[in-house]
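The values are calculated or read from the model by the stated rules, or taken from the named source; none is laboratory data. This one's a predicted model, so the numbers in the text were calculated from it and none came from an experiment. Every residue, glycine as well, gets a Cβ built from its backbone with ideal geometry; the counts of neighbours run over all protein chains shown.
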Amino acid sequence: MNLPSSFPLVKHQKLGCGAVNERSRHLVSTMAEPTNTPMPASTPVPASTPRSSSPLQQYSIPSLTPNATTATIPLWPSTTSSPDTATRKPQRPIVLHIGDPIKYNPDTYAEFNAAFEVIRPPTPERERNELIRALKEERWGHFSAIFRPFWGTGGEMGRWDAELIDLLPSSVKVFASAGAGFDWADTKLLGERGIIYCNSGLAAAEAVADFSVAMIISTFRHLPWCMNAATFPYLMSSSDARSTFRECHARATAASHNPRGHTLGLIGFGNIGQQIAAKMGNPAFGMKIAYYDVVRKPAAVESELRATFYEKLEGLMKVSDCVVLCTPASADGRPIITAERLGYLRPGTRFVNIARGSLVDEEALADALDSGVVGAAALDVHMDEPSVNERLVRMVTGLGFDDRGQHPGRVMLTCHNAGGTVETHVGFEELSMRNILRVVRDGGEAVTPVNLHWLREKKGV
Ligand SMILES: O=CC(=O)O
């Protein structure tokens, strides 16, 4: 395999295409299920998928330039469901395209349409009840794949659980979706039904890592405080605008630090965690990199990133100046950042979550911010999206010091934006189509499968 050299970690990715060795199997299995999982693993690095600073170029993405925004393709003339689909024998394998129309990759979609009979149901059929009705009626016949290029967290039809999965025809081989996270899909059950689930984390990793950099810096420099002080008094037509400005100018200094020399504790050291490490470590921001993952990374990865492994999460939390959560949701949906674990932090530690809101007990985090155990936090994801914890919101806003002497603007909150760039959208579409083309058209192995071990386990392989 020729690996691009532009991203230094690439040369350590030597897993065979689609292979599930002990390492990837462990990673995937901790993501895909269990209640007895010790701790979640990092986002899996897809087997055989070399990372690079433009990892999708290997899939011949036509354009990764900003022009992509202007090159919006009119709604592609996909086939919509027709009454005879269920009864007649299709010339080509049928692919069910749910979600957004293709916007960025017309050439691949043309190839896709040449290979498959693509059915894109009209909107009502993309709602859960209608989808269930259609599946029961076998409205789309014996389709072979589900293609879901939605930009969203995946819950638009509710959870892909037994209620939906049990209705899928046995002809379905692959479910290829946008999105890095797949906490909304029961990938174990899909695997047991012989359906490969492919995510698109690879396409979002750089965007998530870049956003994390902004959030890490925000916790060191208190950007919400600086921004609020410059703007809120004006928005509120307050006569205190000048004094608020001066106070922030003077006092934020005493609370701010350069990241250099501080320890960045990454929970999860998959593709995203490693990209964050590459950006925040030497020679760029000069942070010391520490990580926890259920599987220790190869020595070459650790040495390339000057990363120190901690066998226990508690150990990592004790030494970190800024903890970043970059691991998939726990299979049981339970938080890993709890009051007990926050108790391991040294006072003033910073905290960033770009993974999943369900991983954090937000009330415990708010308590830790109140008490000063956590000095600043930045959260892109939230327990109950699209709602946001009101205690945390109050820590974003406000201009004065509270009665414990904590400064305002200790928290940065965003709207699950980390992975969202045009380049990510381009990659989500492209990668999802490539996965289906490989499996269904070429009879090959998927590019970014996440549940192969469940298929193998079911088959007893
Ligand atoms: O959160 C975003 C994603 O799962 O891609």
_Among the residues of region 452-461, are any more than 20 Å from LEU190 (Cα to Cα) and in contact (Cβ under 8 Å) with a residue 40 or more places away in the chain?_
no
*Unique match (being assigned to a loop (DSSP other than H, G, I, E, B), away from the ligand (no atom under 16 Å from the Cβ), in contact (Cβ under 8 Å) with a residue 40 or more places away in the chain and of a type in the set (Gly, Ala, Ser)) among GLY419, GLY409*: GLY409
_Of the conditions (1) part of a strand (DSSP E or B); (2) of a type in the set (Phe, Trp, Tyr); (3) surrounded by fewer than 24 Cβ atoms within 10 Å (Cβ to Cβ), TYR344 satisfies every one except a single condition; which number is it?_
(1)
_Failed item, numbered, when MET383 is tested on (1) within 16 Å of the ligand (Cβ to nearest atom); (2) of a type outside the set (Gly, Ala, Ser); (3) modelled with pLDDT of 95 or more; (4) crowded, with 21+ Cβ neighbours inside 10 Å_ = (4)
*Which of the residues spanning region 185-217 are hydroxyl-bearing (Ser, Thr, Tyr) and more than 10 Å from the ligand (Cβ to nearest atom)?*
THR187, TYR197, SER212
*Among the residues of region 375-391, which ones are within 24 Å of the chain's Cα centre (by Cα) and within 17 Å of VAL324 (Cβ to Cβ)?*
ALA376, ALA377, ALA378, LEU379, ASP380, VAL381, HIS382
*For region 377-394, state whether one or more residues are closer than 20 Å to ALA180 by Cβ, touching a Leu at 6+ places or on another chain (Cβ under 6 Å) and among the acidic types (Asp, Glu).*
no
*asked:* Need pairs with beta-carbon distance below 9 Å; first residue under 12 Å from SER200 (Cα atoms) and modelled with pLDDT of 70 or more and within region 149-161, second part of a loop (DSSP other than H, G, I, E, B) and within 11 Å of the ligand (Cβ to nearest atom); sequence gap 6+ or separate chains.
replied: PRO149/ALA178; PRO149/SER200; PHE150/ALA178; PHE150/GLY179
_Every residue in region 169-184 that is part of a strand (DSSP E or B) and either within 9 Å of the ligand (Cβ to nearest atom) or touching a Lys or Arg at 6+ places or on another chain (Cβ under 6 Å) (or both), please._
SER177
*Pick from region 386-406, criterion under 19 Å from PHE220 (Cβ atoms) and part of a helix (DSSP H, G or I), ranking: nearest to the ligand (Cβ to nearest atom)*: LEU392
_So the check is Cβ under 7 Å with 6+ separation or different chains; which pairs have a first residue in region 102-130 that's more than 25 Å from ILE165 (Cα to Cα) and a second one that's at pLDDT below 90?_
LYS103/THR72; LYS103/ILE73; TYR104/ALA68; ASN105/ILE61; ASN105/PRO62; PRO106/ILE73; ASP107/PRO62; TYR109/TRP76
*With respect to the numbered conditions (1) away from the ligand (no atom under 16 Å from the Cβ); (2) surrounded by fewer than 21 Cβ atoms within 10 Å (Cβ to Cβ); (3) modelled with pLDDT of 95 or more, which one is the sole condition not fulfilled by PRO233?*
(3)
*Could you count how many residues in region 185-201 are buried (at least 24 other Cβ atoms within 10 Å of the Cβ) and not in a loop (DSSP other than H, G, I, E, B)?*
8
*From (1) out of contact with any strand residue (DSSP E or B) (no Cβ under 7 Å at 6 or more places or on another chain); (2) in a loop (DSSP other than H, G, I, E, B), pick out the condition that doesn't hold for ALA446.*
(1)
